[in-house]
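What follows draws every value from the coordinates through simple rules; no lab data is involved. Source: prediction; values computed, not measured. Using ideal geometry, Cβ is built from the backbone for each residue, glycine included, and neighbour counts are taken over all protein chains shown.
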Amino acid sequence: MSRVVLRREGELWWVGLNRPDKRNALDQATVTELEAVLAEARRQPCLLLVHSTTPGIFAAGADIAELRDRDADAALLAINAGLFERLEAHRWPTIALIDGPALGGGCELALACDFRIATPQAVFAQPELSLGILAGAGGNWRLASLVGLGMARKMLYAGQRLAAADALDAGLVDEITDDLAGRGAELAAAIATRSWRALELTKLALRSQRQPTTTFDVAAQALLFESPDSYDRMTAFLERRR
């Protein structure tokens, strides 16, 4: 079964995460399928709406069973970080539609999009430090740029979770709605009336404002992946889940 379901409605491309048995955890196969969608999407003007095919979940983050066995070499490949960089660099705007938990890499996936629309059931968290690793796919700096250093520290250092209303107040979420698909389509349709070239150039101009720190994150993650502490913590996490 495909881990990513792509549905096209003209210039609106619905990119559906489709791994419900693992709460859409991002394993290598999912990343590969998302990379293929992004490569195809660059060839023609389109807006991406990233969502879950299963109500009540968005993405639980990286697949811990797979992540636990990665080493420094795997970290230096920047598997998730590279994916989110390419998602952020999509030539035209992107919208994350979040229903339920967006944890770890799932939160970082949403952060890499231009807009985040959530249902009241959405929850955001960066639990990486409890696993002996860091939020190395953009959480360290995209999160702070949206919610400020104070809230970013609470989420990263202390593992604080943000419910949808708190995420809206903090600036992590742009809107809350009960009609996720409808509101996402409405926003995308409004954007699609604009000049595609002007949208592309404006997005490039806005991206020039951000601070790129991915290089440090990748190097730091490589060091942590070699630590027995991270392996032990991930093993404990998997045993608790079982």
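Of Asp179, Asp27, Asp217, the sequence from fewest to most neighbouring Cβ atoms within 10 angstrom is Asp179, Asp27, Asp217. The angle separating the long axis of helix 139-157 from the principal Cα axis of greatest extent in the chain is about 40 degrees. Calculated mean residue ellipticity at 222 nm for the chain: -14500 deg cm²/dmol, from DSSP H runs with n ≥ 4 weighted as -39500 (n - 2.57), summed, divided by the residue count and rounded to 500. Remark: the chain carries a charge dipole of roughly 320 debye about the Cα centre, counting +1 on each Lys and Arg Cβ and -1 on each Asp and Glu Cβ. Taking every DSSP bridge with both residues inside segment 4-192, close to 30 percent are antiparallel.
In whole angstrom, how far apart do the alpha carbon centroids of segment 182-242 and segment 83-145 sit? So the separation of the two Cα centres works out to 5 Å. Computed extension gain for Ala189 through Asp232, at 0.36 nm per residue and net of the alpha carbon distance, reaches 10.7 nm. Going from the residue with the fewest nearby Cβ atoms within 10 Å to the one with the most, Val50, Val218 rank Val218, Val50.
Angle of helix 228-241 to the longest C-alpha principal axis of the chain, folded into 0 to 90 degrees and rounded to 10: 70°. Rounded to the nearest 20, the Cβ-based charge dipole of segment 155-214 about its Cα centre (Lys and Arg +1, Asp and Glu -1) stands at 460 debye.
Remark on the chain: Rg and Dmax equal 17.0, 53 Å (Cα only). Each residue of segment 95-100 is assigned a 3J(HN,Hα), and the resulting list reads 10, 9, 10, 10, 10, x Hz, derived from the Karplus form 6.51 cos²θ - 1.76 cosθ + 1.60 (θ = phi - 60°), x at Gly and Pro. Against the chain, whose longest principal axis is taken from its Cα atoms, helix 180-192 shows a tilt of about 60°.
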